[in-house]
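Asker: Here's a structure for you.
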Amino acid sequence: QVQLVESGGGLVQPGGSLRLSCAASGSIFSISAMAWHRQAPGKQRELVAIIVLRDSPIYADSVKGRFTISRDYAKNTMNLQMNSLKPEDTAVYYCNASIRISAAQGFNSFWGQGTQVTVSS
């Protein structure tokens, strides 16, 4: 089984910073893409940032210049450094990864349970 576990969410004032982490564990042969998504109340889930293999990260326009995604390929972990946070960044943030559990199988998408980020004064 594969598990993705997020950590680092919480309450922060506007203009503040938070760092989210995601750790993938279990039967992992390889990981191609790792990404952060978020879902605000009453809205659809949206892509925040993604790294595919060792390509340059891609960010949603709404977070460019404020958020930074990074991966540790040896540890199967991923971080999201969020700076200059705004109230509109409030959402549940989900870790997502495309993982192959053996050489004989293709990639499947796995999700974490989500971590709440609230930006409010």
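The values are calculated or read from the model by the stated rules, or taken from the named source; none is laboratory data. Here the structure is a predicted model, which is why all the values come from computation and not from measurement. Side chains included, ligands, DNA and RNA excluded: accessible areas come from the protein's heavy atoms. Shrake-Rupley method; radii C 1.70, N 1.55, O 1.52, S 1.80 Å.
Asker: When the accessible area of segment 7-65 is split by element with a 1.4 Å probe, what percent falls to carbon and sulfur?
Answerer: The value for segment 7-65 is 52 percent carbon and sulfur by accessible area.
Asker: Aspartates and glutamates within cross-link reach of residue 75: Cα-Cα under 19 Å, excluding same-chain residues under 8 positions apart?
Answerer: By straight Cα distance, residue 75 reaches 6, 55.
Asker: Taking only protein heavy atoms and a 1.4 Å probe, what accessible area per residue, in Å², does segment 25-121 have with all protein chains in place?
Answerer: 53 Å²
Asker: Here's another thing I want to ask about it. GNM on the chain, C-alpha springs below 10 Å: top fluctuator among 17, 32, 102?
Answerer: 102
Asker: Name the lysines eligible as straight-distance cross-link partners of residue 86: C-alpha to C-alpha under 24 Å, and not fewer than 8 places from it in the same chain.
Answerer: 43, 64
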